[in-house]
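Worksheet: the structure to be examined is printed underneath.
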Amino acid sequence: MPDRKVMLIVDDIEMNRAILKEIFTPEYEILEASNGVQALDIIHQNANEISIVLLDLIMPEMDGFEVMTKLSTEGYLPRIPVIVITAENDSENENNVLELGASDLIGKPFIPNVVKRRVNNVASLYNYQLNLEGIADDLSHRLRASNDAVIDTLISLIEHRSLESGQHILRIRKYTMTLLEQIVEMTGKYNLNEDMIRTMSEASALHDIGKVVIPDGILNKPGRLTPEEFEIMKTHTTEGAKVITRMGMIKDSLYSSYAYNICRYHHERWDGRGYSDGLKGNEIPICAQVGGVADVYDALTTKRVYKPAYTHEQAVKMITNGECGLFSDELMSYFIAAADKFKSVAQNYGDEPLKFKNNDAKQNDMIDDIRDSALRLDKLKYYAALKAYGCTAIEADYDRDTYSVVYPQALMFEGVAQRGEITKAAQYFIDTFVHPDDRDNAKKWMDEEKKKRLAGDMNDRTDECVICSDGRKDYKKYLIQSIAIDTQSTRRHRALLVLKDIKS
Amino acid sequence: MDQECIEKFNAGGIDVSDGINRFAGSTDLYEKFLKKFKDDKTFEDLSKAIETKNSDEGFKAAHALKGVSGNLSMKYVYEITSDMCTAFRANEPEKAFEMYTALKEKYESVCRLINELK
């Protein structure tokens, strides 16, 4: 997130802009526009930097209502809050403006302080939401990654009854995504958005799941299939579709319907002479068309029991010549445009024996992360904070006269144990590491510390102390702080003692 | 602006402390825009509209002048233009046109005050 926030002020009257600018400088970097057209220009060019827009309604060229409408349809509103500041603050306008998606409406003339607070409230709310989205995104990515690894392995098992081609499913997903992205780059006619592409690619993993019902003898036959065997093989499309129907809503209905379509229709042909239903032309769902290309490209470029691997160039030729299924000319043009990307996927994700060890390690890490109990997580945060502060931290329990060094794990003061009795250790520490001139003071401080804590004093205490950490050479100034650990019980008296090297 | 000046302004229909507040506490900025008011064409536009009895243009100008005078805390000018806007909105332009004379007087006295600013 950028350090200084950027605000766009839109008003045709210079004075109004000047007043608002005065209120929000220097907290915000200010951009100005004097009409709707300028405003949209600025927003288009600076969408990632702008935190908030203050918008007037009545302006020449393009008024605030039109700006709001455009921002709404162009999808900026979820990310960029708009506060309308206008003299037209009757209730009808208020309703209209809020309906169009404004975060708030402030009437003119306004009180600067009020505007400031309301604007800041809205801005920090959006900031918070965006941060949350970032965190949620992160989590969902990791979950996805871990899910994908498991699913890929399982499906590969089902498909091939062997573990030799674990990367096949991964490649199919990547080919599907690559071709879909190419399509979106070159045409808008299929109305595909990022979510749809991602879901279709994931669904393509299931395209051959129907093979689970095909007998081994046919699935792994090294030679050509007889016509009867071929008929049975063809059923993997409809059987797969049945499996997906039975699986029901695994993730969400979009995923299921893409999976169903890809499964059932990835062997259809553009001329209607494919199987299972003989769909023709655009009757074939785009996800299935793309899945079909992915499947045939992978089959051609990898070794199978019934054939060797062909080169990338041979595969492209065979596919575009209609030698392995028939696709639309249009789809072929997209495929050719994406051919290089297909080639890199084939090269980067070629078949190798499944490395079980790596997969295990990766999955274990993820499981561990998820398994961290709330307690452990808090402790980890605590250690991280101490580490960031760069100090020695000791928890002292005055009732039991015991201490324990929390951080760092290896104490730099030799001879001082990780745990022990406070009184004895303090004495030893002072005599060994504290500068002779400071020792009396240190002893007094420690005595007082014990006395006060046991008496229930919860105040923080600080002092300076000259210490030499290796008992011989340079003495340095340290800060010693005692912070009471509130145990909510009047019978427990504990504190955190923190020693920090002050850079003198 | 010295104390004497402030009192003159207050008496003449410009609420100085309110104005400074509107400009987020910046006296300099307030003064700057007071001086700029001389160049503001809105009153001229309004005068033309009154002459030609053009209620559309009259409303636009009255509304704009209302905004500006409100920001500069010119109390009387603000009140009169406010009333004019209400009349225009209620489809009673005649009433608005009638308020012009009173507005002109207040407008001119405000301009005189501003001209005295260094």
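The values are calculated or read from the model by the stated rules, or taken from the named source; none is laboratory data. None of the values given here were measured: they were computed from a predicted structure. Glycine gets a Cβ as well: all are built from the backbone with ideal geometry, and neighbour counts include every protein chain shown.
Given the conditions (1) out of contact with any Lys or Arg (no Cβ under 8 Å at 6 or more places or on another chain); (2) within 13 Å of chain A (Cβ to nearest Cβ); (3) closer than 12 Å to B:Ser69 by Cβ, which single one is not true for B:Asp15?
Tallying (1) out of contact with any Lys or Arg (no Cβ under 8 Å at 6 or more places or on another chain); (2) within 13 Å of chain A (Cβ to nearest Cβ); (3) closer than 12 Å to B:Ser69 by Cβ, B:Asp15 fails exactly one: (1).
Taking into account only those residues within segment A:168-211 that are among the polar types (S, T, N, Q) and part of a helix (DSSP H, G or I), which is surrounded by the most Cβ atoms within 10 Å (Cβ to Cβ)?
Result: A:Ser204.
With the structure loaded, tell me whether B:Lys8 is farther than 19 Å from A:Asp56 by Cβ, modelled with pLDDT under 90, more than 9 Å from chain A (Cβ to nearest Cβ) and in contact with a Cys (Cβ under 9 Å, 6 or more places away or on another chain) or whether it fails that test. If you could, list the steps in order and put the result at the bottom.
On the way: farther than 19 Å from A:Asp56 by Cβ: yes; modelled with pLDDT under 90: yes; more than 9 Å from chain A (Cβ to nearest Cβ): yes; in contact with a Cys (Cβ under 9 Å, 6 or more places away or on another chain): no.
So B:Lys8 fails the test.
B:Glu105 - would you say it is modelled with pLDDT of 90 or more, surrounded by fewer than 17 Cβ atoms within 10 Å (Cβ to Cβ) and either within 15 Å of the chain's Cα centre (by Cα) or in a loop (DSSP other than H, G, I, E, B) (or both)?
Numbers: modelled with pLDDT of 90 or more: yes; surrounded by fewer than 17 Cβ atoms within 10 Å (Cβ to Cβ): yes; either within 15 Å of the chain's Cα centre (by Cα) or in a loop (DSSP other than H, G, I, E, B) (or both): yes.
Yes; evaluated as a whole, the condition is true for this residue.
Consider segment B:21-66. How many of its residues are away from chain A (no Cβ under 14 Å) and either among the polar types (S, T, N, Q) or surrounded by 18 or more Cβ atoms within 10 Å (Cβ to Cβ) (or both)?
Residues flagged as away from chain A (no Cβ under 14 Å) and either among the polar types (S, T, N, Q) or surrounded by 18 or more Cβ atoms within 10 Å (Cβ to Cβ) (or both) within segment B:21-66 amount to 9.
For segment A:156-167, give me each residue that is surrounded by 17 or more Cβ atoms within 10 Å (Cβ to Cβ) and modelled with pLDDT under 65.
Of the residues in segment A:156-167, the ones surrounded by 17 or more Cβ atoms within 10 Å (Cβ to Cβ) are A:156, A:159-160, A:165-167.
Those that are surrounded by 17 or more Cβ atoms within 10 Å (Cβ to Cβ) and modelled with pLDDT under 65: A:Ser156, A:Glu159, A:His160, A:Ser165, A:Gly166.
With the condition being within 14 Å of chain B (Cβ to nearest Cβ), of a type in the set (Val, Ile, Thr) and out of contact with any strand residue (DSSP E or B) (no Cβ under 7 Å at 6 or more places or on another chain), I'd like the helices (runs of 4 or more DSSP H) fully within segment A:1-73 carrying at least 1 qualifying residues.
Values: elements: A:14-24, A:36-46, A:64-73.
Where helices (runs of 4 or more DSSP H) fall fully within segment A:1-73 and carry at least 1 residues being within 14 Å of chain B (Cβ to nearest Cβ), of a type in the set (Val, Ile, Thr) and out of contact with any strand residue (DSSP E or B) (no Cβ under 7 Å at 6 or more places or on another chain), they are A:14-24.
Using the structure shown, decide if A:Ser469 is under 24 Å from A:Tyr383 (Cβ atoms) and part of a loop (DSSP other than H, G, I, E, B).
On the way: under 24 Å from A:Tyr383 (Cβ atoms): yes; part of a loop (DSSP other than H, G, I, E, B): yes.
For A:Ser469, the condition - under 24 Å from A:Tyr383 (Cβ atoms) and part of a loop (DSSP other than H, G, I, E, B) - is met.
I need every pair where a residue in segment A:102-131 that is touching a residue at least 40 places away in the same chain (Cβ under 8 Å) and over 23 Å from A:Thr69 (Cα atoms) has its Cβ under 7 Å from the Cβ of a residue that is among the aliphatic types (A, V, I, L, M) and in a helix (DSSP H, G or I), sequence separation at least 6 or different chains.
Once the first residue is touching a residue at least 40 places away in the same chain (Cβ under 8 Å) and over 23 Å from A:Thr69 (Cα atoms) and sits in segment A:102-131, its partners that are among the aliphatic types (A, V, I, L, M) and in a helix (DSSP H, G or I) give A:Pro112/A:Ile23; A:Val115/A:Ile23; A:Lys116/A:Ile23.
Any residue at all in segment A:312-328 that's assigned to a helix (DSSP H, G or I) and without any contact (Cβ under 8 Å) to a residue 12 or more places away in the chain? Even if it seems obvious, please write down each step before you answer.
Taking segment A:312-328 first, the residues assigned to a helix (DSSP H, G or I) are A:312-320.
Keeping just the survivors that are without any contact (Cβ under 8 Å) to a residue 12 or more places away in the chain gives A:313, A:317.
Yes; the residues of segment A:312-328 include at least one that is assigned to a helix (DSSP H, G or I) and without any contact (Cβ under 8 Å) to a residue 12 or more places away in the chain.
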